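Derivation of every value follows stated rules applied to the coordinates shown; laboratory data play no part. Just so it is clear, the structure is predicted and the values come from calculations on it, not from any experiment. Positions of Cβ are generated from backbone atoms using ideal geometry, with glycine treated the same way; all protein chains shown enter the neighbour counts.
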Amino acid sequence: MLDLTNVLAGPFCAYQLALLGADVIKVEEPRRGDLARQLGADAQLNAQGMGASFIAQNAGKRSIALDLKAAAGRDVLLRLVETADVLIENFRPGVMERLGLDYATLSARNPALVYCAISGFGQDGPMKTAPAYDQIVQGLSGVMSITGDAESAPLRVGYPICDTLGGMTAAFAITSALVGRPRDGRGQFIDVSMLDATLVTMGWAVSNYLIAGREPQPMGNENFTAAPSGTFATAEGLLNIAANKQEQFVDLVALIGRPELAADPRFAEREARKRNRVALKHEIELGLGARDANEWEQILSAHGVPAGRVLTVPEALAHPQIRHRRLLAHFDADNGSGRAFDVVRAGFKMSSGDPDVSLAPPRLGQHSEEILQSLGYAAGDISALREQAII
């Protein structure tokens with residue numbers, strides 16, 4: 001798989017495929033490489049071109065630094081395409097065509113090629129050439145309008161959710177195309193829009209408007225489909241409770257020492273609880289004040305009432321469940337960055353073997369010579385390409 005992408009949506013897509021065993025060759029601009037190499041919370045790693053943002057999405061890949069604006073660089077890519085199953089790019093629509101590397105050109109070289117273009121708004125439409133970052137798509141998709149509460153909304157989701165959804169959608173589309181390819185041996189062009197991908201995942205917020213005519217409203221930590229279902233204060237710490245079923249509500253109020261709430265006309269029925277959710281929250285928090293969030297999590301979960309503490313990211317990564325699932329892959333300090341680090345693996349396991357990578361995130365152009373040799377380039381040819389700054 002050829003990964004011509006930058007920053008997050010495309011690299012995340014290619015990383016998911018690398019975790020599943022794909023041989024991913026990352027094609028980078030020779031002078032700076034992927035912009036993510038300079039992004040992250042550690043300035044020293046950024047200066048080395050191994051920023052935390054790059055490390056997070058690029059393990060398992062090999063890197064070739066290649067100037068696609070030069071004819072010789074394009075020739076190298078064309079030779080790579082001839083043996084590739086997939087090419088992924090996230091340039092603005094029209095860039096690959098101007099380089100002479102559009103789908104029509106590449107598929108003529110390799111009719112079996114699956115070509116995936118990831119962009120903010122897709123390859124057609126009035127916004128196709130508009131610049132797009134995650135925050136822009138969050139606003140245009142409606143995500144920000146329903147994040148936060150009446151006072152704080154619209155609010156940005158705390159991580160690049162639209163980039164991530166775009167990458168996940170692309171990985172799903174690519175694998176689907178590869179599964180279907182044996183029917184006629186031909187690849188296809190995949191057009192992934194981050195805006196489309198985000199709206200598709202908004203589920204009930206979208207369908208309640210399309211089908212029931214109910215415009216979604218920002219409700220903070222409350223769940224609009226049920227009550228009590230949200231975040232509650234305890235003696236110490238916050239606790240999420242999702243007592244969405246009648247029997248869960250009855251058990252909840254009994255466990256917190258407030259069994260009378262189950263018979264209160266304001267709360268006895270599901271719809272009544274939704275109408276009176278503010279009053280119900282107050283009554284439940286009175287009961288929860290007897291113990292801390294950790295104790296309540298154990299008690300409620302043991303009795304079948306869904307509950308969980310509100311954790312920080314470090315707390316979540318250190319959680320015994322995450323440790324048991326071996327979600328993190330570790331790389332020692334000899335990985336090229338001079339720093340030991342962990343990265344997350346795939347969010348699923350497989351009976352044939354869990355998704356994983358063995359290669360550390362590559363230095364810029366680390367595998368250029370190795371890849372060129374595999375294409376049949378002689379040592380002198382490679383030296384000439386290096387002297388001309390093509391690689």
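The figures follow:
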item: Nonlocal amide H pairs with Ser63, under 5 Å, H built at 1.01 Å; result: Lys26, Gln366, His367
item: Reachable lysines from Lys61, criterion Cα separation under 30 angstrom, eight or more residues apart if same chain; result: Lys26, Lys69, Lys128, Lys349
item: J(HN,Hα) series, segment 26-33, from Karplus relation 6.51 cos²θ - 1.76 cosθ + 1.60, nearest Hz, glycine and proline x; result: 8, 9, 10, 5, x, 7, 10, x
item: Protection-proxy order for peptides 163-171, 250-258, 367-375, 111-119, each taking the mean of Cβ atoms within 10 Å per residue, highest first; result: 163-171, 111-119, 250-258, 367-375
item: Relative contact order of segment 149-208, defined on C-alpha pairs under 8 angstrom at six or more residues apart (%); result: 40 percent
item: Antiparallel %, DSSP beta bridges [both residues in the chain], to 5; result: 40 percent
item: Amide H within-cut-off set for Phe232, under 5 Å, with H built and near neighbours excluded; result: Leu239, Asn240, Ile241
item: Relative contact order [Cα under 8 Å, 6+ residues apart], the chain, whole percent; result: 19 percent
item: Sorted by Cβ neighbour density within 10 Å, fewest at the top, the residues His319, His282; result: His282, His319
item: Segment Arg92-Glu315, extension gain: residue separation times 0.36 nm, minus the distance between their alpha carbons; result: 76.5 nm
item: For segment 192-208, 3J(HN,Hα) per residue [Karplus equation, 6.51 cos²θ - 1.76 cosθ + 1.60, θ = phi - 60°, Hz, x = Gly/Pro]; result: 9, 9, 4, 5, 4, 4, 5, 4, 4, 8, 7, x, 5, 4, 7, 5, 5
item: Residue-averaged 222 nm ellipticity for the chain, from DSSP H runs of 4+ at -39500 (n - 2.57), nearest 500; result: -11000 deg cm²/dmol
item: Whole-Hz couplings from phi, Karplus 6.51/-1.76/1.60, listed for segment 226-233; x for Gly and Pro; result: 7, 8, x, 8, x, 10, 10, 7
item: Over segment 229-310, relative contact order from alpha-carbon pairs under 8 Å, at least 6 apart, %; result: 44 percent
item: Label assignment, Rg and Dmax of the Cα atoms in Å derived from the structure, set [x] 19.8, 59; [y] 23.6, 77; [z] 25.3, 85; result: [z]
